[in-house]
Amino acid sequence: MSAVRSETKQLNKTDRFALQWAEFVIKNRLKTIFFAIIVFLVLAAGLMHIQTSHNYRVFFSDKNPDLLTFEKFEETYTKNDNFLFVVKPKSGTIDQPFVAQAIEAFTARAWTVPFAIRVDSITNFQHTYAIDDDLIVEDLIEDAANLSQAEIAKRVDIALKEPLLAGSLVALDRGASGINVTLQYPGLSEGELPEAIHFARALVTEFEQDYPDLKIALTGISALNAAFFEATINDAETLYGPMFLVLVLITWLIVRNFSGVISTVLVITFATIAAMGFAGWAGITISPFSGSAPVVILTLAIVDSIHILITMAQRMRVGDDKITAIKESMRVNFLAVSITSLTTVIGFLALNFSDAPPFNALGNIAAVGITAAWFYSLTFLPALLTILPFNVQTYADKSRGPLQEAINKLAEFVIARARATLVVVGLIFIGLAAAIPTINLNDQWVEYFDDRVEFRGDAKFAINHLTGLYILEYSVPAGAPGAISEPKYLQDLDDFAIWLREYSKVRHVYSYTDIIKRLSKNMNADDPAYYHIPGERELAAQYLLLYELSLPYGLDLNDRIDIDKSSTRVSVTLDEITTGETRQFLKDIDAWWDSRSPGNEVYGTGATYLFSFISERNIQDMIGGNIVAVILISIVMMIALRSFSFGLLSLIPNIAPLIMTFGVWALLVGEVGMAAATVSATSLGIIVDNTVHILTKYQRAREELALSIEDAIRYTFDTVGAAVVANALILAFGFSVLMFSSFKITGDMGTLTALAILIALIVDLLLLPALLMLRAQPKTKGASYANTEKTQTI
């Protein structure tokens, strides 16, 4: 018992502070509980101010250059918010009279959608033709109820020959048609989008009831924005409750004490609600990704309490009374709990380096939640435990569970085969690291949602039956007011459209040149020979003026042509295409314009453009965040462990699992999106926890118990091994719950983090002790662990 006595006598400053802290909390238990509850209530009041996002632009900061370009584009032309209704007969084609009647009626009703400023469909398309010298501009299909099927089929034929309609609002196989509603939100309240989407869905329901032989799907940018919000709500309804119940069950299985479970549940509840309340007070917007914060906090908050409760129960099993056990648990866990909380906070705060506000939001909310969990674990938890009954059954020293026996055998294995373990783990590391370059970055925003979100099914329906949803927008400047009528400009623009249509992944191109060529033909007695760019600027300008004067209200060209006629807009609809393919396509477009018109100011934008670069941009931003996180965590480890070499050593078992995780992901999945930008920083802050507990116990064994390296490893595995495994499994399970999120980015983040935690556990149990065995240090012979009390606390 001499080694045990020396441990209690040789208390360092941290241990003395921890004991003083524990004594203060226990002495002032009621005041501590009261103060903790007051802090909770103040923060929780912020829940009333929680804000949610209804816009995909929440993923881009105000300083994001791609977003600034997009806003410039919208100022030049018009807002891109829209609903696209896809109408498809359950059998047959759209030539059928009832389909044309439904589309005409739906088009008329679509003008009543809240905030609608324009409606386009096959029925109100402004068809032009000539009668003598007169230009006739009229709806392509009008009064469908009085048209024969043959006449409707004739109008559909015209639509299929019209480049602006074919493959866009009319399916090439005549199987479906679209109604596009352009929206302009005043931006006065968060209720504008919900109002519009509710009306749009009610309209779909109404027409499907009136026309039971029709299927109508709802897509578009506004539907996408609604999907982001609905994914947030869906996750809140499906993940939070089950996750909470499972954590309660896990706590019971580990602690096996009703008071311990109640205390832990209160700690994680207080921490989670306090963090979300902070989000309300701070004005942080909740999006599908940052909406995962409660699950993250619930998972991380439980770990501190588990360590304290396990140690307390172990001390009581070997004869300590409850108060003494609480003090001893606080002493041996205070440093480790504080370090792990601090390093985890650092990891999440590193997300502020990201350009995506939802990443910043998750990082800040989680950091507050982790800090709150640390605070409540070291104040509220021990104070409450002094009041509640806490009984445990004592057991003999030799009594060990199968998990602990397996961990002890693993310790002997690593001690005996340290070099071989290093070689095997090293080879696996190299192999997995070599696979990382094969990972593709892909952010197809339709794929962000699973089938529980209505938008996903409707989007797939639209892609399969009518048109693509990945749209690139290009602004092509003419150089001066009115210059869009210059023949050279029009010819370059037309050649651009022709070149785009030859690209295999392009489904549709909308270019002003298709209008001007049609007008040229119309104004020459509809002679097909004149379907080309006018040879004179004045002639092209006259055609445009005559056409604009003939257009009805709401169907003008302001969405395609700048107000001073100095630039036009080209819309390119792509097939289902990866973001890697999109980025290459964008490079090809730039190269085309550079060869055709060097120094041009043509620029691309749109939602597809924005998401094509979001992963690359955030990964680049997070490189700095990761470096800062690694440096700060290393400094914390060096200070806490009072050892420069230990601090450096801790980097290996903490960085290696991250690299191995992405290697495994490369082999099993092969692609990842925005989640990749978050996992490295957050996982680093989390997986360092087990390293901290192992190294602090190892250091305690070496310095306070004077054990040899081998026996110090045995001591560490025997005292903290089970807790390390249990906590890793809890964390991995908690993050794996996010796999069931309806939002892919959240699901990928959860899966990657859970995988990193499990790999880190293996590395900590194999690589870390092997490194400690080979660590250069004096060959001093310490006390034998066999002669120490094996029931020494964690």
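Any read-out appearing in this document is the output of simple, stated calculations on the displayed coordinates, not a laboratory observation. Everything numeric in this text was worked out from a predicted model, so none of it was measured. A quick note on method: Cβ atoms are made from the backbone with ideal geometry, for glycine too, and the neighbour counts reach across all protein chains shown.
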Problem set entry | Alpha-carbon centroid distance for the pair segment 184-221 / segment 566-617, whole angstrom | 30
Seminar exercise, completed: For segment 238-243, in residue order, the Karplus 3J(HN,Hα) values (coefficients 6.51, -1.76, 1.60; θ = phi - 60°; whole Hz; Gly and Pro = x) are 9, 9, 4, x, x, 4
Exercise. What residues have an amide H closer than 5 Å to that of residue 603, excluding those fewer than 5 places away on the same chain, when H is modeled at 1.01 Å from N in the peptide plane?
Worked result: 475
Seminar exercise, completed: Per-residue ellipticity at 222 nm attributable to helices in the chain (runs of n ≥ 4 DSSP H, -39500 (n - 2.57) apiece, nearest 500 deg cm²/dmol) works out to -21000 deg cm²/dmol
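Note down the magnitude of the dipole of the chain about its Cα centre, charges +1 on Lys and Arg C-beta and -1 on Asp and Glu C-beta and zero elsewhere, to the nearest 20 debye. Don't skip to the answer; put the middle values down first.
Details: 60 positive and 82 negative charges, 1194 e Å.
Result for the chain is approximately 5740 debye, rounded to the nearest 20.
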Seminar exercise, completed: Taking R0 as 22 Å and r as the Cβ-Cβ distance between residue 583 and residue 501, the FRET efficiency 1/(1 + (r/R0)^6), rounded to the nearest 0.05, comes to 0.60
For this session: Compute the label zone of residue 601 within segment 464-507: residues whose backbone N is under 15 Å from the point 7 Å along Cα-to-Cβ.
Result: 475-484
Exercise. Any idea how far the Cα center of segment 407-434 sits from the one of segment 32-91, in Å?
Worked result: 47
For this session: Just name one of 368, 82, 329: the one whose Cα is farthest towards the positive end of the charge dipole of the chain (beta-carbon charges, Lys/Arg +1, Asp/Glu -1).
Result: 329
For this session: Pull up the cross-link candidates among the lysines for residue 27, meaning alpha carbon to alpha carbon under 18 Å and not fewer than 8 places away within one chain.
Result: 322, 327
